[in-house]
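The structure appears right after this line, and notes come after that.
The values are calculated or read from the model by the stated rules, or taken from the named source; none is laboratory data. Remember, predicted model here, so these are calculated numbers, not experimental data. Cβ placement follows ideal geometry from the backbone for every residue including glycine, while neighbour counts extend to all protein chains displayed.
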Amino acid sequence: MVLADELRAMGAEAVAPDRGSVLFSGDLRTVYDVNLRLRTAMRVLVPLVRGEVKSRESLYELAASVAWDEVIADGQTFAVEVVGRHRAFRNTTFGGQVVKDAAVDRLRSKRGRRPNVDRDQPDIRVHLRLVEEGASTLSLDSSGEPLSHRGYRPRGGPAPLAETLAAGILLLAGYDGSEPLLDPMCGTGTFAVEAALIATQTPPGLHREFAFERWPVHNLLTFEEVQHEASHGHRDAPQPILARDRAERSIRSTQRNLKAAWMDQWVELEQRDALDLLLPWGTGGVIVANPPYGKRVSDVEKLFGLYRRFGDSLKNQATGATAWILAGEPRLAKVIGLKPSRRIPLFNGPIECRLLKFEMYEGTKKHKAG
């Protein structure tokens with residue numbers, strides 16, 4: 001798992017992949033560091049308490065065991081987010097209400113007044129993971145906005161590829177900036193920005209805020225030290241990063257996002273057809289692309305020609321390069337006409353995809369059905 005490898009490389013202890021998450025141990029300094037530097041995590045949760053939940057009463061008891069007066073400062077607001085399913089709770093809102101009641105009751109008994117709930121901009125974010133069989137977990141969300149929100153992309157703007165997924169694909173490809181890279185279908189520039197962040201060794205969370213900054217135990221001096229250390233390794237991109245798209249609107253969007261991420265000086269933009277894969281550096285390098293999938297059967301069939309011609313362009317123009325293509329439709333992957341050396345299952349949101357690796361040796365041949 002890419003996330004587990006990231007954590008190990010950062011020196012996190014007791015790293016253990018779990019279902020849909022990775023467990024690790026560390027102190028407050030570690031919480032700061034992983035929020036700043038992780039490229040493939042969505043959020044960092046700090047467990048408060050774990051226990052088996054069978055009913056409303058058992059969830060209330062579990063939540064009531066938390067020392068909420070140490071978690072929520074006097075005058076602070078909080079909110080509870082719930083994930084998972086459980087037969088004892090008709091919906092996640094009900095589970096969140098139970099946790100809220102337990103926290104409010106405990107704080108009222110300690111302070112003589114109740115805290116306020118703010119669902120939109122709470123000071124403290126509580127996360128409940130309900131599990132039918134096994135231990136449910138109450139945690140503090142240290143990240144706030146998902147870590148995929150690097151802070152450079154306008155809210156509500158188009159984002160066909162999550163930043164964390166783009167970074168994960170680049171890391172799976174072994175990209176570290178030591179080879180030149182081309183994205184021939186850059187769209188809004190997600191691959192370009194993430195590649196530049198990796199190549200320059202820039203922490204992706206360096207220009208955003210985090211939920212832990214409002215924790216009662218937050219130590220500003222320690223956080224500033226971690227920020228300084230995390231940014232200390234910044235370097236110039238050692239090899240070219242090239243982003244292309246045939247649409248002028250996409251080039252403008254990519255340029256805007258690169259500038260907002262402080263990465264515009266490391267990426268060259270060209271308005272050019274995706275089928276033009278001539279590499280300005282000659283041979284070799286990495287090609288990464290997220291071509292359109294097609295939402296309906298008729299849309300998929302219209303894309304056959306594009307995928308077929310793209311495969312031809314890889315064979316004829318990308319000598320020595322390694323191409324990584326995210327394919328969201330099996331039939332489209334087949335018409336590329338090249339045999340992948342790796343197939344890695346991934347999800348782009350709800351869409352099950354395959355990340356295909358093509359090694360374009362000199363003389364690579366197309367494979368046709370007989």
Looking at V22 and the list (1) touching a residue at least 60 places away in the same chain (Cβ under 8 Å); (2) β-branched (V, I, T); (3) under 22 Å from T164 (Cα atoms); (4) not in a loop (DSSP other than H, G, I, E, B), which single condition is not satisfied? (1)
For V126, all conditions in the list (1) under 30 Å from L62 (Cβ atoms); (2) assigned to a loop (DSSP other than H, G, I, E, B) hold save one; what is the number of the exception? (2)
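Conditions tested, residue by residue: (1) closer than 30 Å to A4 by Cβ; (2) free of Cβ contacts under 8 Å to residues at least 24 places away in the same chain; (3) under 27 Å from the mean Cα position of the chain (by Cα).
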| site | (1), (2), (3) |
| --- | --- |
| L38 | yes, no, yes |
| E70 | no, no, no |
| Q97 | no, yes, no |
| S109 | no, yes, no |
Flagged in segment 36-83 as closer than 30 Å to A167 by Cβ, surrounded by fewer than 19 Cβ atoms within 10 Å (Cβ to Cβ) and of a type in the set (V, I, T), in numbering order, are V46, V83
Those residues of segment 173-191 which are on the phi < 0 side of the Ramachandran plot and either assigned to a loop (DSSP other than H, G, I, E, B) or surrounded by fewer than 24 Cβ atoms within 10 Å (Cβ to Cβ) (or both), in sequence order: A173, Y175, D176, S178, E179, P180, P184, M185, C186, T188
Being basic (K, R) and in contact with a helix residue (DSSP H, G or I) (Cβ under 8 Å, 6 or more places away or on another chain) narrows it down to one residue among R29, R8, R43; which is it? R29
Does Q227 count as assigned by TED's automatic domain parsing to the domain that holds P292 and surrounded by 14 or more Cβ atoms within 10 Å (Cβ to Cβ)? no
Looking at (1) loosely packed, with under 14 Cβ neighbours inside 10 Å; (2) not assigned by TED's automatic domain parsing to the domain that holds A323, find the lone condition where R125 falls short. (1)
